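A short worksheet on the structure shown next.
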Amino acid sequence: MMNMVSFCKSGIRLLIFTLLVAILAFGGFGGIELSANAQNSVCNTVKNIDGKYYCSGECFLKGNEIIKVCGETDTVQSISGMSLPFYKVDIEGTDKFYELEVGPLVGLTLRTATQSVSDEVFPVLEEYIFDTDQSCQAKGFKKIVRNPSKENFKSCLVQCNKTSF
């Protein structure tokens, strides 16, 4: 009876060992996709967000109008002298559009409000949700834009990729 128990235990160990080897040897096929989706869950905060980003996306406006955003450049720069991580974002669009956003970085998200904008349409609230590499360095962000006013309603989703560090 004792030999049977020890035989079963060693058999289970061998089975577990074989499964681990199989997972390590053959389990890498989905590893790239898994690590790409899981990388932000590893990072609690983003590093090195200063830089220039190229952006494109879409906006839904009052009256069910949809506009494309392309050729926009967002330049993120830290604000010195603050005890908390605050940033400004200079936005340059097509047709001489410009905007200045300011706000704090909280974890992976920069939450801003518009300080100035060329079309004078206020208020605009924006969230920049950063994508990171494996060392938690910024490589891009998804920008969610909201103007909740009744007369100037706007909601946008814009994808931005870092072009300079």
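Taken together, the values in this text are just the output of simple stated rules run on the coordinates, not laboratory data. Just so it is clear, the structure is predicted and the values come from calculations on it, not from any experiment. Methodologically, a virtual Cβ is constructed for each residue, glycine included, from the backbone with ideal geometry; neighbour enumeration extends over all protein chains shown.
Table for the structure above
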| item | result |
| --- | --- |
| Dipole-positive endmost among 69, 80, 97 within the stretch 51-164 (Cβ charges, Cα centre) | 80 |
| Cβ charges +1 (Lys, Arg) and -1 (Asp, Glu), total dipole of the stretch 51-164, debye | 240 |
| J(HN,Hα) series, the stretch 140-157, from Karplus relation 6.51 cos²θ - 1.76 cosθ + 1.60, nearest Hz, glycine and proline x | x, 7, 9, 10, 10, 10, 9, 10, x, 6, 4, 7, 10, 3, 8, 9, 9, 10 |
| Trypsin sites (Lys or Arg not before Pro) within the stretch 80-135: DSSP coil, no more than 14 neighbouring Cβ in 10 Å | 96 |
| Per-pair calculated FRET efficiency, R0 = 35 Å: residue 157 and residue 48 via Cβ, rounded to 0.05 | 0.90 |
| Residues in the stretch 92-133 reached by a label modelled at residue 150 [backbone nitrogen below 19 Å; 7 Å Cα→Cβ] | 121-124 |
| Value in Å of the Kirkwood radius, where the stretch 51-164 supplies the Cα pairs that are averaged | 14.4 |
